[in-house]
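All of the numbers you see were taken from the coordinates with simple rules; none came from a lab. Note that this is a predicted model, so its numbers are computed, not measured.
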Amino acid sequence: MKDLSGYSDQELFNMIKSDNFTAFNEVYSRYWEKLYCAAYRVLRDGDACKDILQEVFSDFWIRKEKISVSSLSAYLHTAVKYQVFNFLRADKISQEHLGRMGVLTSTNATEEMIDFRELEGLLERSIAQLPDRCRKVFQLSRDENLSVKEIAARLNISPKTVESQITKALRHLKMSVGETVLIILLFL
């Protein structure tokens with residue numbers, strides 16, 4: 001089997017679109033652990049996380065010709081976020097999961113669950129209000145899952161500045177959308 005570890009994500013994705021299963025295996029190997037950890041931080045259920053990753057990677061392979069990806073990492077992390085959300089919703093968001101996410105439940109049985117897309121839109125509007133550099137640092141951290149060092153290198157700024165900008169963004173978002181909503185959106 002050919003070693004594809006030196007290939008970029010975009011090169012691998014282009015190969016996958018041409019039914020190259022070796023490229024798919026490379027992407028799987030490259031991202032499985034990171035995606036598993038992201039799901040596990042929320043669910044704390046290894047079997048559920050493995051099921052979610054199987055669903056994400058199966059769907060990715062099946063839909064490979066229909067999807068357009070500018071960042072493979074961001075695409076896969078977003079797919080895991082949605083699968084985790086769907087898992088929680090299907091599991092009727094048990095008390096155990098609610099406790100982990102810091103969500104307070106209502107005793108009013110007629111009260112409807114807040115629509116996730118509406119919350120996501122609220123978060124996106126709040127992110128858009130951030131100053132340019134702060135927004136760029138936050139998006140690189142959350143959307144592309146880059147480390148502080150990687151962001152600092154990409155933007156040619158110090159790691160301390162990156163940390164400061166992320167703290168500033170989180171403080172703004174916490175004030176803007178509320179702490180509970182922010183926890184749910186950032187960890188899903």
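Data table
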quantity: Reachable lysines, given that their alpha-carbon falls under 21 Å from the alpha-carbon of residue 66 and they are not under 8 places away in the same chain; calculated: 17, 81
quantity: Anchor residue 174: lysines whose Cα lies under 18 Å away (excluding residues fewer than 8 positions away in-chain); calculated: 136
quantity: Rg ratio (alpha-carbon, reference 2.2 N^0.38 Å) - the range 9-101; calculated: 1.14
quantity: Over the range 1-41: Kirkwood hydrodynamic radius from C-alpha pairwise inverse distances, Å; calculated: 10.7 Å
